Amino acid sequence: MAVAIAGCGGQGAAPQGGSDAQAPAGGGEQSGGQEEERLVIYTARDKSVVDFVVPRFEEAHPEYKGKVEVLTMGAQEILERVRAEKANPQADVWWGGTQQALSQAAKEGLLAAVKPSFADQVPAEYKDPNGYWYGEILLPEVIMYNTEALSPEEAPQDWDDLVDPKWKGKIIIRAVPASGTMRTIYAAMIYRFYEQDGKPDRGFEWLKKLDANTKEYAANPTDLYLKLARQEGLLSLWNLQDILIQKEQKNMPFGYVVPKSGAPILVDGVAVVQGAKHPRAAEKFLEFLFSQELRTALATEYYQIPTIPLDQEPEWLRGLELKAMELDWDVMAANEKDWIQYWDQNIKGKGDQ
């Protein structure tokens with residue numbers, strides 16, 4: 001693969017989930033019985049990707065035409081909703097979740113173990129060892145900037161540059177607790193210090209400095225994009241795919257910097273919900289999502305980095321070089337909830353105090 005992702009083995013990219021739960025495959029209706037031809041998807045993926053994929057799935061499986069319901073929310077919100085609905089699951093597929101959230105869901109018995117035809121093609125480090133979730137794409141987390149206000153040279157070149165006082169009032173960040181992307185970035189920022197002394201304190205101090213420079217926290221990605229485009233802020237921290245979608249497809253004035261010290265590269269995955277009412281539909285969707293044709297189209301038109309290598313990569317992907325930040329994803333997953341909760345209660349909006 002031509003993409004140079006330094007350090008992506010071992011701890012550089014997210015490892016397997018290590019789930020404890022032993023829930024059986026399938027859902028609320030047995031595969032041998034009647035199943036309503038319907039599919040309910042909870043997704044954290046960009047709307048443009050959803051609008052590209054779902055009609056093509058319905059075309060490939062006309063029995064589901066007009067019968068696919070999609071609810072979009074943050075990855076953490078999906079976890080909380082699936083958890084709340086455990087006794088009576090409403091979703092069939094969880095599409096777009098961090099490995100931390102998916103692994104936690106698997107441990108809680110919220111996901112069904114499945115083995116689709118592509119299972120063995122997904123590298124071990126990008127899937128749950130028991131089949132509870134499969135990594136679809138890799139999402140590098142980078143520094144985002146407004147290209148009409150800053151040149152590539154003027155933009156911050158590394159994470160620590162973001163806490164320079166000169167950027168005070170120029171940073172807008174997606175509301176952190178609900179966002180899988182932001183939770184990952186913030187946990188990674190804390191882990192940089194945690195790995196040195198086993199404490200999150202210096203990481204919290206760093207986030208306090210970032211908060212002092214942050215003008216506001218956007219409620220959702222759409223608000224983030226609009227505010228940056230209007231130059232209400234000039235900088236953010238976000239994932240590479242969504243930046244490129246906004247830049248190339250919607251002509252937004254966005255550029256990105258891969259931080260010199262490395263980028264967290266998370267695994268964005270998909271799973272079948274345990275107790276799903278339409279398990280056959282769910283597994284058909286997974287098979288479609290991982291088809292060579294769709295993976296190639298999504299890489300070409302929506303800047304996805306698939307976990308399963310393509311037969312032919314688009315030009316942008318062949319030329320992409322990334323340095324992965326060395327992270328222990330198991331440690332991050334174990335601490336993320338407490339770290340983000342502490343930030344939300346004790347640091348957010350208090351950086352100047």
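Would you please name the residue that is modelled with the lowest pLDDT, looking only at residues in the range 53-98 that are touching a strand residue (DSSP E or B) at 6+ places or on another chain (Cβ under 8 Å) and of a type in the set (Gly, Ala, Ser)?
Ranking the qualifying residues of the range 53-98, first place goes to Ala75.
Looking at Ala212, Ala175, Ala229, Ala219 in this structure, which one is over 23 Å from the mean Cα position of the chain (by Cα), farther than 29 Å from Ala124 by Cα, of a type in the set (A, V, I, L, M) and at pLDDT 95 or above?
Ala212
For the range 165-223: of the residues being of a type in the set (S, T, N, Q) and not in a helix (DSSP H, G or I), which is farthest from Asp268 (Cα to Cα)?
Thr214
Please note which strands (runs of 3 or more DSSP E) are completely contained in the range 234-293 and include at least 3 residues that are of a type in the set (A, V, I, L, M).
Of the strands (runs of 3 or more DSSP E) lying wholly inside the range 234-293, those with at least 3 residues that are of a type in the set (A, V, I, L, M) span 265-273.
Please find, within the range 292-337, the residue that is nearest to the chain's Cα centre (by Cα) out of those that are small (Gly, Ala, Ser) and crowded, with 16+ Cβ neighbours inside 10 Å.
Checking each candidate, the answer is Ala333.
Residues in the range 116-124: is at least one part of a helix (DSSP H, G or I), under 30 Å from Leu210 (Cα atoms) and either in contact with a helix residue (DSSP H, G or I) (Cβ under 7 Å, 6 or more places away or on another chain) or not small (Gly, Ala, Ser) (or both)?
Looking for residues that are part of a helix (DSSP H, G or I), under 30 Å from Leu210 (Cα atoms) and either in contact with a helix residue (DSSP H, G or I) (Cβ under 7 Å, 6 or more places away or on another chain) or not small (Gly, Ala, Ser) (or both), one finds none in the range 116-124, hence no.
The values are calculated or read from the model by the stated rules, or taken from the named source; none is laboratory data. Computed from a predicted structure; not experimentally measured. Backbone-built Cβ (ideal geometry, glycine too); neighbour counts: all protein chains shown.
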